[in-house]
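The values are calculated or read from the model by the stated rules, or taken from the named source; none is laboratory data. In this text, all values refer to a predicted model and were calculated from it rather than measured experimentally. Ideal geometry is used to build each Cβ from the backbone, glycine not excepted, and the neighbour counts take in all protein chains shown.
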């Protein structure tokens, strides 16, 4: 079952408007998105939303992510092409209401 951006927004505030602003400000064309396992079901909904709001293209990092210090490794061949890496996080202690 595909998750929606509405379901995501009911549970978490990923500051997607801030992400859109940053993408536009930096004129990023190719962005790598990294999600913790709990947010991975929403990854395509986030990409769809960001595609609607920007002219950028997105890659989703599907390996595990255990926090902000867990940056993707093994990207040597594509790293020069990536303009931005955005890491999303979530915490049950900080849901949106």
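Side notes on the structure shown:
- Filter pass, residue 20 being in a helix (DSSP H, G or I), surrounded by 12 or more Cβ atoms within 10 Å (Cβ to Cβ), in contact with a strand residue (DSSP E or B) (Cβ under 6 Å, 6 or more places away or on another chain) and modelled with pLDDT of 95 or more: no
- Each residue in the stretch 82-94 was checked for being surrounded by fewer than 12 Cβ atoms within 10 Å (Cβ to Cβ) and at pLDDT 75 or above, and 0 pass.
- The numbered conditions (1) at pLDDT below 90; (2) exposed (fewer than 11 other Cβ atoms within 10 Å of the Cβ); (3) in a loop (DSSP other than H, G, I, E, B) are all true for residue 55 except (1).
- Residue satisfying all of: in the stretch 1-17; surrounded by fewer than 19 Cβ atoms within 10 Å (Cβ to Cβ) and either in contact (Cβ under 8 Å) with a residue 60 or more places away in the chain or touching a strand residue (DSSP E or B) at 6+ places or on another chain (Cβ under 9 Å) (or both); nearest to residue 81 (Cα to Cα) among these: 13
- Counting only residues that are in contact with a helix residue (DSSP H, G or I) (Cβ under 7 Å, 6 or more places away or on another chain) and modelled with pLDDT of 75 or more, the stretch 58-81 holds 2 of them.
- Tally, over the stretch 23-43, of residues that are exposed (fewer than 15 other Cβ atoms within 10 Å of the Cβ), in a helix (DSSP H, G or I) and either in contact with a helix residue (DSSP H, G or I) (Cβ under 8 Å, 6 or more places away or on another chain) or modelled with pLDDT of 95 or more (or both): 2
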